[in-house]
């Protein structure tokens, strides 16, 4: 895994990034009180109309029906200038925990998208239970599909485009799992990793 601030490789057992010293406690001291998130859609920036909110909720509901092991939350937040987006996204996801109190560490298979409506950035992170299977190489193409829409303030269209690309990427990963682990498809079960201090 990588540090969400300096991108330096970090051991699963490391309590802090060995390069920049980032910890959850230091991030909390810097960012302050985390925003309140609601599972599904959080729009503290107030950029969605009622119709657009329904479109996003429907897209998330359809995505979670296709992948019942996963959850998805998007937050539209106007970040202060010069906020380090990847670090803030990681911190909010772990502190606000939109996946729910019972889904922690290796049980957390939630995806969290943060859209900065002030600066135009967007970042996608996932719970620790997904890290053995998917990572930045899967999420960057999803963000690339959505970014032109976010830049044009077409937020509902952007989320829909991102989820469509995530659907395709996840299906590719799922199809490869039996071959990668040498397992017959009917014996495939959840593969999880132990708790660390870095991710939910």
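Throughout, read-outs are computed from the coordinates displayed, never taken from laboratory work. Just so it is clear, the structure is predicted and the values come from calculations on it, not from any experiment. Neighbour counts are summed over all protein chains in view; Cβ atoms, including those assigned to glycine, are modelled from backbone coordinates with ideal geometry.
Computed quantities for the displayed model
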{"read-out": "Sequence of 167, 43, 116 once ranked by neighbouring C-beta atoms within 10 Å, starting from the fewest", "value": "167, 43, 116"}
{"read-out": "DSSP-defined antiparallel bridges as percent of all bridges, the stretch 24-180, nearest 5", "value": "35"}
{"read-out": "28, 33, 117 arranged by Cβ crowding within 10 Å, fewest neighbours leading", "value": "33, 28, 117"}
{"read-out": "Exposure proxy order (Cβ contacts within 10 Å, fewest to most) of 151, 137, 14, 42", "value": "137, 151, 14, 42"}
